[in-house]
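Written below as structure tokens is the structure these notes are about.
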């Protein structure tokens, strides 16, 4: 025990004097978790709370285009910036070029061009559909079909390439909703006028078009006390795991340093087992990963609300949280041990260690949600220890589960740790280090 | 005189290489200052590694101070000290911290470690820098700490692999002087080096080995007399030849 204590003391002293390493291990996760949460919180706010600026060039002079602009506004997603259409006689390309230029100037990231004749096309189309509907109801078709060419109006939606696909898709969805609203209104008015030979009263129109069904969003939490998870609950555990695994740079290169220096050789000649040194290093770095987690979780709870980010809500099951945190730390330390044992130089340990963590984080679902992965990536994902760590944390933070809910993940982590330790031991024996 | 080291019928080979030692025998008397010499590739380092338990023999027997060497036998490992050629220390720790760590792993406890640390740092001229980081030291100072770590637990048998490589004359003089003191106090020294002039100053018995075989083994004076050489270097070249041996 005295030998183990002396070795831990030595490792702590060496670690304390590696200032750059300590800063990287503690400052990096703090910055990372704040920056990523702020970024994701910002894009969430942009899509949901702050309205996205949208350039609208209306080349149509009819009522439907005005209604479309109002409908766009009523979606709550866009801040519509009207763009004057080029004076009559100029081509549509002039308007489109103008929109393109303003998007390049980053005045907005989205631009919509309503074509000339949009209202007329919509009217003739709804006339035809209303007539068809009336006939099917067994009523006389009194609607003048007009000149329905059968072609539908086409809106052009321009977007700046920096706009990410999920945001673009939700903008497209909002545009379609606005269009459907205009079309439904037009159809309703046309049919009402045909049947009643008078205009649809505004109050009835509002009542008919208003949504009557609301959607209540309920997270399938295991403890019903939890509200909707925020970006903090999504990000803080993920980037804490990332930071824990980044001890590979300090621990992996530390092991290589000892291997390359004579200290490793001297340890073999002493009346002690080198496993004491290996075990001590792991205990020291396990403590480091635990402190990292406490620090980052503490920031999430205490600092986030002060800087305008949603506060992190810790799981109710503290024993589960502590156990999963220790297992994630042990997994990270075991991985770092493997890298340290097999790397021949410090450069190898640093480069491979850092790159492999980024790759394992990507395939493990830290950067892209795992449910978005398809095909072989869903299988590959399972080979990343970070995936199992994240899954266990999500079970606690997002699903509101306890230790008994995340036991399959706990078991997986124990198996991964045992596997990594076995590989490291085999490497130490093969290299005649123990 | 009872042997400090007795090697009997030792056989060893590295993986996928022919046998380096075949039925090798050697005895080192207790209290002697024994020099082990040979050209590059002769097997000196391998023999040192086998004696200190870093390598395991295919067959045969090595006994240190009457106890059989087994790689994980703590009792036999506590009998000897080792000063490797590489600087086997932690550059981010101070001399006192290095000695505290290696002292503990050698089986010592707090008060004994502190007392011995004070003593060693005083003897080796490092007392003034006991709390400074080793990283900032000169090569000679690092060599002295390397030696101090090897003797902190006062072993009765000390293996030294090129203990003075790369040091200035003053440091060499101090190290050799201290080793002689240790020997006078009863420690058996097993020394290997390419510094043959230094070896002549330190060793009273020598063995020259080549290709895993002993080609000469006796008291240094007697060997020089028998082979009619003034110094160890002439004897060495006479017995091992002048061709390069590391190609």
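Since every read-out is calculated from the coordinates, none of them should be taken as a lab result. Given the structure is predicted, the values throughout are model-derived calculations rather than measurements. Cβ: placed from backbone, ideal geometry, glycine included. Neighbour counts: every protein chain shown.
With a Cα-only, solvent-free Debye model of segment B:80-154, what are the log10 I(q)/I(0) values at q = 0.15, 0.25 Å⁻¹? Cα-only, vacuum Debye calculation for segment B:80-154: -0.40, -1.20. Computed from the Cβ-Cβ distance with R0 of 45 Å, the FRET efficiency linking residue A:196 to residue A:318 stands at 0.10. Listing B:132, B:115 from fewest to most neighbouring C-beta atoms within 10 Å gives B:115, B:132. Estimated from helices alone, the mean residue ellipticity of chain A at 222 nm is -21000 deg cm²/dmol (sum of -39500 (n - 2.57) over DSSP H runs with n ≥ 4, per residue).
Entry note: chain B has Rg to Rh equal to 0.97, where both radii use alpha-carbon atoms and Rh is the Kirkwood radius.
Take the convex hull of the alpha carbons in chain A; its mean projected area over all directions comes to 29.1 nm². Exposure proxy ranking for A:107, A:347, based on other Cβ atoms within 10 angstrom of each Cβ and starting from the fewest, stands as A:347, A:107. Averaged over the residues of B:43-52, the number of partner chain Cβ atoms lying within 10 Å of the residue Cβ comes to 1. Take the alpha carbon atoms of segment A:166-222, find their center, do the same for segment A:351-407, and report the distance between the two centers in whole angstrom. Comparing the Cα centres of segment A:166-222 and segment A:351-407, I get a distance of 40 Å.
Averaged across the residues of B:76-83, what count of C-beta atoms belonging to other chains lies within 10 Å of each residue's C-beta?
Per residue, the average neighbour count from other chains is 3.
Given R₀ = 56 Å, FRET efficiency for residue A:414-residue A:136 by Cβ-Cβ distance, to 0.05?
E between residue A:414 and residue A:136, to the nearest 0.05, is 0.30.
With contacts taken as Cα pairs under 8 Å and at least 6 residues apart, chain A reaches a relative contact order of 17 percent. How many angstrom separate the Cα center of segment B:36-82 from the Cα center of segment B:193-247? Cα centres, segment B:36-82 to segment B:193-247: 21 Å.
With respect to chain A, whose longest principal axis is taken over its alpha-carbon atoms, helix A:346-363 is tilted by about 40°. If you run the Gaussian network model on chain B, springs between alpha carbon atoms under 10 Å, then out of B:84, B:111, B:163 the most flexible one is B:111. Across A:344, A:199, A:399, mean-square fluctuation computed from a Gaussian network of chain A (C-alpha pairs under 10 Å connected) peaks at A:199. Computed over the alpha-carbon pairs of segment A:52-209, the distance histogram in 10 Å steps reads 10, 35, 31, 17, 6, 0 percent, short to long.
Modelled spin labels at residue A:311 and residue A:260, positioned 7 Å past Cα toward Cβ, are 4.9 nm from each other. Multiplying the residue separation of residue B:201 and residue B:233 by 0.36 nm and subtracting their alpha-carbon distance yields 10.3 nm. Relative contact order of chain B, taken over Cα pairs closer than 8 Å and 6 or more residues apart, is 25 percent. A full extension of the chain between residue A:358 and residue A:204 corresponds to an added length of 49.7 nm, given 0.36 nm per residue minus the alpha carbon distance. Taking chain A as the reference, fit the longest principal axis to its C-alpha atoms, fit the long axis of helix A:118-137 to the helix C-alpha atoms, and give the angle between the two in degrees, 0 to 90, nearest 10. Orientation of helix A:118-137: about 80 degrees from the principal axis.
Counted residue by residue at 0.36 nm each, then reduced by the alpha carbon distance between them, the extension gain from residue A:81 to residue A:106 reaches 7.7 nm.
For residue B:114 and residue A:380, FRET efficiency with R0 = 60 Å and r from the beta-carbon atoms, rounded to 0.05?
0.65
The mean number of Cβ atoms from other chains found within 10 Å of a Cβ in peptide B:107-119 is 1, as a whole number.
Between residue A:157 and residue A:228, the distance separating the two model label sites (each 7 Å from Cα on the Cα→Cβ line) works out to 2.1 nm.
Within the listed set A:303, A:134, A:32, the Gaussian network model of chain A (springs between alpha-carbon atoms below 10 Å) gives the highest mean-square fluctuation for A:134. When each of B:178, B:14, B:191 is scored by the number of other beta-carbon atoms lying within 10 Å, the sequence from fewest to most is B:14, B:178, B:191.
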